[in-house]
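I have placed the structure first, in the form of C-alpha cells, so that the comments after it can refer back to it.
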Amino acid sequence: MKTFPHISRSWARNSLCALLCLLCSLPVLAVTYDSETATTANVAQLRVGASFAKKWDNGLRLGLGEELYFDVYNSMVGPYFRKSYTTIDFSYKPIKYLKLDVGYTLKLLGPDSTWSATKKADAKEWVRHRVFFSVTGSYSFDYAKIYLRERVQLDMRTDSVNPAEKNQYDWFLRSRLGAEFHVPGKPVKPYLWLEIVNTLNVPEYQQRNGHQFICNVRTQAGVKWRVSKLSSLDFFYRFTYGYDRDVNITRTKGKIQLTEETLYMHSIGVLYNLEW
C-alpha cells in the first residue's frame, strides 16, 4: 500500500506528458498537403531603361532610374507588359573600397490573362513598394575590378493577403559577385556578374523542407559603352532561374495545395546612363 501513491504520481506524470505531446503535435498532424503540383514557365524578355545620377567629390551620389520590362514570349500567359521599376537611391563611399547604398523602388505590375476589369481599376492589385540597403566592397587591378555586394531587400504588397499563404512584407538577401574589365584605349567596359537571392521570412507552409530557400539565381553579361564624357549605354544579356512555392489553403480545414513554380527567363536589354 505504501507504493500505491508513488505509482499514482508516476502514472499521472507520464499521462500528463503524453497528453501535452499529443496536444502539441495536433497542429502538425492536422496539416496535410492535399495536392502538390509543379509548373514551369519559359520567358523571353526585353528590358529598356534610363538612369540619371549626380555625384559629389565627397563620395555622395544621388540617382534616379526608370526601367520597363516586356515579355516578348511567355509560355504561361502570352506576351505582355510585365512591370516597371522607378528607383531613387542614395549612395556614399566612405573609403575607396567600400560603398553604402539605400534606396526605394515603386513597382507597377502589368496585367496578365487572369486579370479582370475590376482588378485593373484597383491600384492595390498592381502597386508594390520596395526598399533596400546595400554594402559593396570592391578591389581594382590593372585591367579589372571585382566586387561583392550584399543587399537586404524588403518588398511590400498593397493588397490584402492570407498571412498563412503569403506575406504582406517579404525580406530577401541578395548576394552578387561581379567583375568589370577595362579595355585600354577603348570606350567599352565588359562585365559579368552572378547573383543569388535567398528568402528570409516565407510562411511556414511555403518553406522548403522546413527552411528558407534560394528563390532566384541570376547571371548577367554585358558591355558598357561610353558615348560621351557624361553618358553611356549598357547592353546586356541576363539569364534567370527562379523558384517559388505557391500555397493555397482550401476551405477544408488542414488541406493545403502546394504548387512549385519554376521560371527560366532570358532577358536582353539596353540602359542609358547619364552621370555628372
Do we find a residue being of a type in the set (Phe, Trp, Tyr) and either outside the structural domain of Tyr69 (by TED's automatic domain parsing) or more than 30 Å from Ala50 (Cβ to Cβ) (or both) anywhere in the stretch 239-247? yes
Just wondering, is there one or more residues in the stretch 137-146 that are surrounded by 15 or more Cβ atoms within 10 Å (Cβ to Cβ), under 21 Å from Thr240 (Cβ atoms) and either without any contact (Cβ under 8 Å) to a residue 40 or more places away in the chain or basic (Lys, Arg) (or both)? no
Those residues that are more than 12 Å from Tyr205 (Cα to Cα) and surrounded by 16 or more Cβ atoms within 10 Å (Cβ to Cβ), I need them from the stretch 234-260; list them, please. Asp234, Phe236, Arg238, Thr240, Gly242, Tyr243, Asp244
Every residue from the stretch 64-110 that is exposed (fewer than 15 other Cβ atoms within 10 Å of the Cβ) and not in a strand (DSSP E or B): Ser75, Met76, Gly78, Pro79, Lys96, Tyr97
Could you grab me the full set of residues in the stretch 36-54 that are over 19 Å from Asp234 (Cα atoms) and surrounded by fewer than 16 Cβ atoms within 10 Å (Cβ to Cβ)? Glu36, Thr37, Ala38, Thr39, Thr40, Ala41, Asn42
Got at least one residue in the stretch 228-236 being within 19 Å of the chain's Cα centre (by Cα), under 28 Å from Thr199 (Cα atoms) and either in the same structural domain as Phe52 (by TED's automatic domain parsing) or at pLDDT 95 or above (or both)? no
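One line per residue, one yes/no per condition, for (1) among the hydroxyl-bearing types (Ser, Thr, Tyr); (2) in contact with a strand residue (DSSP E or B) (Cβ under 8 Å, 6 or more places away or on another chain); (3) closer than 28 Å to Val202 by Cβ; (4) modelled with pLDDT of 95 or more:
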{"site": "Ser84", "(1), (2), (3), (4)": "yes, yes, yes, yes"}
{"site": "Tyr92", "(1), (2), (3), (4)": "yes, yes, no, yes"}
{"site": "Lys107", "(1), (2), (3), (4)": "no, yes, yes, yes"}
{"site": "Thr118", "(1), (2), (3), (4)": "yes, no, no, no"}
{"site": "Val127", "(1), (2), (3), (4)": "no, yes, yes, no"}
{"site": "Tyr139", "(1), (2), (3), (4)": "yes, yes, no, yes"}
{"site": "Val152", "(1), (2), (3), (4)": "no, yes, yes, yes"}
{"site": "Thr158", "(1), (2), (3), (4)": "yes, yes, yes, no"}
Being of a type in the set (Val, Ile, Thr) and touching a residue at least 60 places away in the same chain (Cβ under 8 Å) is the filter here, so list the residues in the stretch 235-276 that pass it. Val247, Ile249, Thr250, Thr252, Ile256, Thr259, Thr262, Ile268, Val270
From the options Leu233, Leu200, residue that is over 28 Å from Met156 (Cβ atoms) and touching a strand residue (DSSP E or B) at 6+ places or on another chain (Cβ under 9 Å): Leu233
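The values are calculated or read from the model by the stated rules, or taken from the named source; none is laboratory data. From a predicted model like this one, the values you see are computed outputs, not experimental measurements. Don't worry about glycine lacking a Cβ; one is built from the backbone with ideal geometry, like all the others, and counts go over all protein chains shown.
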